[in-house]
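Presented below is the structure to which this report refers.
The values are calculated or read from the model by the stated rules, or taken from the named source; none is laboratory data. All figures in this text were calculated on a predicted structure; none of them were measured in a lab. All Cβ positions, even for glycine, are placed from backbone atoms using ideal geometry, and neighbour counts span all protein chains on display. For the accessible areas, the whole protein counts, side chains as well, though only heavy atoms, and no ligand, DNA or RNA atoms are used. Shrake-Rupley method; radii C 1.70, N 1.55, O 1.52, S 1.80 Å.
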Amino acid sequence: MSDRAMEPDNDELIFMDEEDSVETVRKSAAWKVLIVDDDDEVHRVTRMVLNDFEFAGKGIAFLGAHSGTDARTLLKENPDIALVLLDVVMETEDAGLRLAKYIREDLRNNFVRIVLRTGQPGQAPEEQVILQYDINDYKSKTELTVTRLFTTVIAALRAYRDIMTLNANKRGLETILKASASIFEIQAIEQFAQGVLTQLTSLLHFEEDALYAKASGFAATGNLGQNLRIFSGTGAYANLVDQELYGCVPEDVASMLKRALASGREVYIEGNKYIGYFKTEIGSENIVYLQGDSDTLTEWDHYLVEVFCRNVAIAFDNISLNNEIRDTQREIILKLGEIVETRSRETGNHVKRVAEYSCILAKALGFTDEKVGVIRFASPMHDVGKIGVSDAILNKVGKLTEEEFEVMKRHTVVGYEMLHNSPRELLRTAAVICYEHHEKYDGTGYPRGLKGEEIDILGRITAVADVFDALGVKRSYKDAWPLEDILDYFRKNRGTHFDPKIVDAFFDSLEDFKAIRDQFPDVTD
């Protein structure tokens, strides 16, 4: 016999025939309740009693199984089942108890609430079952009146909701703790914001559609709300990170955000949608958008979101300041390299080109992004030791004497001694490059005559970058070489002057080298 309900409206439950194992709902969200019983009448009565059931704005999506074996399949396929109404005696006398043990021990599902319903209490005594099995309630079928069934389901779903909220908060806290060790790294801040957002959405019983947006750039310019980009999101916004805000959110949300920004208020509410806005001391604009399933937000709710805005915005301020300091340090290093080149009457663009060439080679050789960044900013210092060489030698027209060349070779040692005691990785890397970029793969270079792998890979990379650029520009003692002559030089000196694998990477990246050369040309009077 079918217990199909009358044709419902779109927001009502739809029951399938009893022989079907899974009922579906048109609701966007519903509590999944699994009925496990070999008695068709139990399924029918349970569905009938709970037909119009609603808790926390959600109805019930029923799943039905007539044996413990069938129930195992459904539990695997539906890890978000909130409640299991479980019979004890089915295909075996202890099938229900075995299933309860399977849920907790095999599936390791400690969230779902298990209510044991039995028509044979003597078969599974309550005190014994409660002690030995991790179930949440024990009911005799004879005592489950309509009211008591309703009460039992309400209590179980409330407990499930609260447990899931605590678990979501725990996940958010774990994310924040992981981020705390490296809070000033951009990726860590993303984890931090995502964790706090997860906590807020679950703590406030909000839907999972939420986002955190921040103005691009160091300070907001122009009209309020322009150039905002999504920084962290959940639900519908989880895959929109780093996209422009107004280009990817629904029109009603975009309109509300614009109204909120125009109002100038830190807290803006429309119905069940909440916007928190905070502008930091250095001018960055930050927005939290949360959509809840209740039209009422308490003062505590407001406080939580305001704390989120302030804490994450302050963290961003610290990152911006830290990046500003780091960028300033790198610019000073670059300028110092340019100053040395200016002393030798060479263009400052030489150090820029060497930096980019070294970066290209490092990428081609499989360096990490972090290591590529280090060599990009360390390689411009390769000739900083020339600061200790006299102008007469640096700018001499024609070939140096043997004595003058010995003085010139000292620039590698001078540069190393200037930098190698620094606690900064960038400067220590620059020291190695200063010391070894004139070593040759066959051991005939200077200052120490290192050979092959004895030469640091950074020195071998910079050697290729430096020689390529030096041969291609006019200097006081020579004219610029044609490109084909430069390429022949590298072919002939592969394995003698230069590391063969770096030469190969150079030829593979030749078009990129040409592009850099065109981007940073020498400036002539």
How far apart, in nm, are the 7 Å Cα→Cβ label points at residue 93 and residue 387?
9.1
In this structure, the FRET efficiency calculated for residue 475 and residue 326 from their beta-carbon separation, with R0 = 25 Å, to the nearest 0.05, is 0.15
Want the number for residue 69 to residue 272: 0.36 nm per residue separation, take away the alpha-carbon distance, what's left?
68.8 nm
How many nm separate the modelled label positions at residue 255 and residue 518, each set 7 Å beyond the Cα in the direction of the Cβ?
4.9
Per DSSP, the loop-located trypsin sites (Lys or Arg not before Pro) within segment 80-156 having at most 10 other beta carbons within 10 Å are 108
Taking only protein heavy atoms and a 1.4 Å probe, the highest-to-lowest accessible-area order of 434, 248 is 248, 434
Low-density loop positions, chymotrypsin sites (Phe, Trp or Tyr not before Pro), segment 390-481 - DSSP coil, at most 15 other Cβ in 10 Å
477
If you count only protein heavy atoms and use a 1.4 Å probe, how large is the accessible surface of residue 164, to the nearest 10 Å²?
60
For residue 425 and residue 489, calculate 0.36 nm times their separation in residues minus their Cα-Cα distance, and state this gained length in nm to one decimal.
19.7 nm
Grab the beta carbon distance between residue 40 and residue 166, set R0 = 56 Å, and tell me the FRET efficiency rounded to 0.05.
0.90
Grab the Cα-Cα distance for residue 405 and residue 142, subtract it from 0.36 nm times how many residues apart they are, and report the gain in nm with one decimal.
84.3 nm
Which semi-axis lengths, in whole Å and largest first, follow from the square roots of five times the eigenvalues of the Cα gyration tensor of segment 368-465?
24, 16, 11
